[in-house]
Amino acid sequence: MIQLAMFLWLAGQSATADSAQQHLQAGLEARKQHEVELEIAEFRKAIDADPKFAAAFAQLGAAYMEKRDYASAIASAKRALELSPDLLVADQVLGYALLAQGYAAEAIPYLERAGAQDALGIAQIQTGQLTDAVANLTVVIAQRPNDPDVLYYLGHASGLLSKSAIDTLLANYPDSARAHLALAENYFVLRQMPQAEKEYKEALRLRPDLPGLHLELGLVYANSAQWPQAEEEFRAETKLQPGSAEAAYRFGSALLQQGKPHEAHVELERANRLKPDMPETLYTLGKASSLDGDAVTAEKAWTKVVELEKTTSLAAQAHFGLAGLYKKQGKTAQSQHEMKEFQKLQSTIGPPRSE
Amino acid sequence: MFRRFSRRDFLGSAVLAAAAPFFEVKALRGVNFLLQNSPTPHKYLIETMPGGVALFDYNNDGLLDIFFVNGGKIAGALRVPENFERSDSRYWNRLYRQNRDGSFTDVTQAAGLGNAGNGNYGMGVAIGDYDNDGYPDIYVTNYGKNILYHNNGDGTFTDVTAKAGVSGGGWSVSAGFLDYDNDGHLDLFVTRYMEWDADHNKICGGDWHTYCPPAEFPATTNVLYRNRGDGTFEDVSGRSGIAAKKGRALGVAFADYDGDGFTDIFVSNDGMQQYLYHNNGDGTFKECALESGLALTADGKGLSGMGVVFQDYDNDGQPDVLVTVLPRELYSLYHNDGDGSFSYKSLEAGLGALTSGSSGWGVGFEDFDNDGWKDLFVAQSHVLDNVEKIDASLSYKELPLLALNHQGRFERADSGVTTPLAARGAAFGDINNDGWIDVVVTALGGPPVLLLNRGGGGEGNHWLCISLRGTRSNRDGYGARVSVNGQTRFASSAGSYICANDKRLHFGLGSAAKASVEVLWPSGAKQVLNDVRANQFLEVREPEHT
């Protein structure tokens, strides 16, 4: 009698488990068909058939997530984890749902366990764990380099991390060269050039040998059209960093701006040797060498720009330069060809405007 | 005994010379003109553009008189047809007669030049003796209808616009008289900016709330009027080819750039390529700026062309072109290579360092220190009256630029102006007849400024001032090519921006006490005068017979 009763109970249990499993499968099938309500109904039936069916609770939570019913999703996922603490699906659902509800700190342990680095990174931004956020999102971006959401959050986290670091720098070391440098860069971005100049100068006073400072101060002067001062700063940077192609390029450009084509030519040649095939350097080298009477170098530089840039506005400018160069040399056909190329590009990319 | 001149002495004198301002900056005595541009929150683009000034001797007493163009009143939101309340005397144009003591008397009402019409918002002025009666006439450009005032020779003027047929319409800016067909009668060229009216205004800049750039509005055509010689003009814009191209023109200047005996026309356009109208000599023009190298910068970029001067800056006898522009561009200097083409020379001439942060309007190549090289003066100010909020490295009000010409390379000098201005017009002439070129600058919302040249740095240099008296050519001699001791000027009162300059041709002679003068008249007559005494005002009359 007892044996019979045991048999019937076991048989009943098995029938219940089979039924729950079938409803679970039906729910997952409904998900594929994007029928959320049917999905929820099937998962509920699975839970009715087996109230301790952790996987069904987890999937029900996932279904609620689809409906953006985060409160229900949290309840289902929590129940799943009570029943089966190692159920990663439930961790993931609970982590996402908590994050969606604004409970970033609470979401983090679940997202960590689930290995959901994208959402984890976002949660860490919200809790101020910026270094960890950047690390996690950097891993994700390597896997999904074109995901706009990840790109946004990585940029956002990096910006906040940068700001946080600078805030710490300014709060703890306000009189340091780096603090003045940070302030200067901020003013520069805001185009508040007098303030930027003041801060760069103070940074330079404190750390005259800091690489990049003269370059950045030179850019302040260049943006304010104070070319003699810009030239001096760029010159100082080239002395400090003789291997810097950018310093050489900026120095050459400042020399050219002041109508010193020969000196500009020499410096821009040097910039080109330090870092060959940079279109901006080559274009400016073309201008300087043309004004310096070195038509061979000008032609070579501008031709290279055209080869590198093909259809950009810089390529158009190089065509225009070549047209003028050939015209001066009496090479009418070549001049006309370059002018046509210039006009062709103008018609596709729009007429070039001064900045 | 001769004392060796030490390095310290040299530096000391250099510092003193550098410290001395070039001009004495003065208010014009007796002049109470206020340029009313009436800026509003509606940011009507016309508010940024006035006002012209002319230096001319309307009563032939030998003293330069001054005519100012006023803007108008914009009380609030405008609707077409606009009313600028020009009948209110605060918004009149003004004529000031110069007195013997250097002061000025307002003769506007007596001259009949007061009310310029309520529908007209004033812009610029051109001066020329269109009827060859010996008295200079006035042409005023407006947003609205332009006005030609005939000088009656008795201190009064008559509005002859309707009879002459030169009212134009739309938004006219700069204008100038020239004799494009060498028939001895001055013709008239009028630049027009864009198709705009108050009903089609726009505001740009988002939260910054700024005036819109020109590309926001449709381009339009310029106008050429041919003088029939009977007091009437014929609109030949279409027939001549001038209207074949639309633009956004602000400035105009004239010279015969290729020496073919016919006056050519350069037009500065805003935010696009510039135009050079080559005079074909048969009543038609061909726009050839791109082929000639004048259309774009050396980088192939368009210009925010505003003011323009078309004179020879490097004493090679060929008229060169300088166009004033907005910051981040450079004032564009185009050297006339003498073969019909021009080369962009801003960098070589030193303008890169001098001009890349400034906005230029009225401009002149004048020999302020009488050393034989034409110097550069530019009235400066940004277009946007709130530009500092948008870019803290720029300024709405600026000091004018004075740059001395050292054999083709320009170096900054102290103009003497210490208060930044929202400057627009700049007219050049020898106001006090002392042999040194002076400048009158107009400024939005303020009084004009006189920069009286005290010969700073050029003491001891000689000069010669030539008035042309055409007989077969137009009486003003506009279009003549005048060479003095290796320098050349092309006779015209046009150029700069919305202004008319003293038509007399001023030459600095350096240490030369005598000069050789050669005049090539528009009629083709060539006249040579040798051993001309320096430091005098000389009238050169065209021979009546070849």
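The values are calculated or read from the model by the stated rules, or taken from the named source; none is laboratory data. Note that the structure is a prediction, hence the values are computed from the model and not measured. Cβ atoms come from the backbone with ideal geometry, glycine included; neighbour counts cover every protein chain shown.
Looking across region B:397-431 at every residue that is more than 17 Å from B:N461 (Cβ to Cβ) and of a type in the set (S, T, N, Q), the one that is surrounded by the most Cβ atoms within 10 Å (Cβ to Cβ) is identified as B:S415.
Restricting the search to strands (runs of 3 or more DSSP E) fully inside region B:26-118 and requiring at least 1 residues that are surrounded by fewer than 23 Cβ atoms within 10 Å (Cβ to Cβ) gives B:65-68, B:94-98, B:104-106. Going through (1) closer than 28 Å to A:D91 by Cβ; (2) under 15 Å from the mean Cα position of the chain (by Cα) one by one, A:G159 falls short only on (1).
All of (1) among the aliphatic types (A, V, I, L, M); (2) more than 12 Å from chain A (Cβ to nearest Cβ); (3) within 16 Å of B:Y313 (Cα to Cα) hold for B:A349 with one exception: (2). In the set (1) over 27 Å from B:L347 (Cβ atoms); (2) within 14 Å of chain A (Cβ to nearest Cβ); (3) basic (K, R), the condition left unmet by B:K301 is number (1).
Okay, residues lined up against (1) facing another protein chain (nearest Cβ under 10 Å); (2) among the hydroxyl-bearing types (S, T, Y); (3) farther than 20 Å from A:A298 by Cα; (4) part of a helix (DSSP H, G or I):
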position: A:A230; (1), (2), (3), (4): yes, no, yes, yes
position: A:T238; (1), (2), (3), (4): no, yes, yes, yes
position: A:P242; (1), (2), (3), (4): no, no, yes, no
position: A:F251; (1), (2), (3), (4): no, no, no, yes
position: A:G259; (1), (2), (3), (4): yes, no, no, no
position: A:H265; (1), (2), (3), (4): no, no, no, yes
position: A:L268; (1), (2), (3), (4): no, no, no, yes
position: A:D277; (1), (2), (3), (4): no, no, no, no
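Filtered by the rule that a residue be closer than 16 Å to B:E366 by Cβ, of a type outside the set (A, V, I, L, M, F, W, C) and away from chain A (no Cβ under 12 Å), region B:407-428 gives B:S415, B:G416, B:G425. Looking only at helices (runs of 4 or more DSSP H) that lie completely in region A:118-217, which have at least 3 residues being within 14 Å of another protein chain (Cβ to nearest Cβ)? Ranges flagged: A:177-189, A:193-206. Would region B:166-178 turn up any residue that is of a type in the set (A, V, I, L, M, F, W, C) and farther than 30 Å from B:A75 by Cα? There is at least one residue in region B:166-178 that is of a type in the set (A, V, I, L, M, F, W, C) and farther than 30 Å from B:A75 by Cα. Check whether at least one residue in region B:380-395 is closer than 27 Å to B:D502 by Cβ, part of a loop (DSSP other than H, G, I, E, B) and within 11 Å of another protein chain (Cβ to nearest Cβ), and report yes or no. There is no residue in region B:380-395 that is closer than 27 Å to B:D502 by Cβ, part of a loop (DSSP other than H, G, I, E, B) and within 11 Å of another protein chain (Cβ to nearest Cβ). Within region A:336-355, restricting attention to residues that are surrounded by 15 or more Cβ atoms within 10 Å (Cβ to Cβ) and more than 7 Å from every other protein chain (Cβ to nearest Cβ), the residue that is modelled with the lowest pLDDT is A:Q346.
All of B:S473, B:S493 fail the test of being crowded, with 24+ Cβ neighbours inside 10 Å, more than 21 Å from the chain's Cα centre (by Cα) and in a loop (DSSP other than H, G, I, E, B), apart from B:S473. Can you spot a residue in region A:65-81 that is free of Cβ contacts under 8 Å to residues at least 60 places away in the same chain, touching a Ser or Thr at 6+ places or on another chain (Cβ under 8 Å) and either hydrophobic (A, V, I, L, M, F, W, C) or crowded, with 20+ Cβ neighbours inside 10 Å (or both)? No. Scanning region B:323-352 for residues that are surrounded by fewer than 23 Cβ atoms within 10 Å (Cβ to Cβ) and assigned to a helix (DSSP H, G or I) returns a single hit, B:G352.
For region B:304-322, which residues satisfy the criterion of being within 13 Å of another protein chain (Cβ to nearest Cβ) and in a strand (DSSP E or B)? Within region B:304-322, B:S304 is the sole residue that qualifies.
Checked against (1) basic (K, R); (2) on the phi < 0 side of the Ramachandran plot; (3) without any contact (Cβ under 8 Å) to a residue 12 or more places away in the chain, A:K310 passes all but condition (2). Every condition in (1) outside any strand (DSSP E or B); (2) surrounded by fewer than 24 Cβ atoms within 10 Å (Cβ to Cβ) holds for B:Y180 except the one numbered (2).
Of everything listed in (1) farther than 24 Å from B:L351 by Cα; (2) not in a helix (DSSP H, G or I), the single unmet condition for A:T297 is (2).
Rundown of residues vs (1) modelled with pLDDT of 95 or more; (2) more than 26 Å from B:E329 (Cα to Cα), yes/no style:
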residue: A:E197; (1), (2): yes, no
residue: A:K201; (1), (2): yes, yes
residue: A:D209; (1), (2): no, yes
residue: A:E232; (1), (2): yes, no
residue: A:R235; (1), (2): yes, no
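Determine whether B:G524 is under 26 Å from B:G251 (Cα atoms), surrounded by fewer than 18 Cβ atoms within 10 Å (Cβ to Cβ) and not charged (D, E, K, R). So B:G524 fails the test. Of all residues in region A:134-173, those satisfying the criterion of being surrounded by 15 or more Cβ atoms within 10 Å (Cβ to Cβ) and either touching a Phe, Trp or Tyr at 6+ places or on another chain (Cβ under 8 Å) or among the polar types (S, T, N, Q) (or both) are A:N136, A:L137, A:T138, A:S158.
Picking from residues in region A:31-53 that are aliphatic (A, V, I, L, M) and touching a residue at least 24 places away in the same chain (Cβ under 8 Å), the one that is surrounded by the most Cβ atoms within 10 Å (Cβ to Cβ) is A:A46. Do we find that B:S483 is closer than 26 Å to B:A423 by Cβ and in contact (Cβ under 8 Å) with a residue 60 or more places away in the chain in this structure? Judged against the criteria, B:S483 is not a match. For region A:304-335, filtered to residues that are over 30 Å from the mean Cα position of the chain (by Cα) and exposed (fewer than 13 other Cβ atoms within 10 Å of the Cβ), the residue that is farthest from the other protein chains (Cβ to nearest Cβ) is A:A333.
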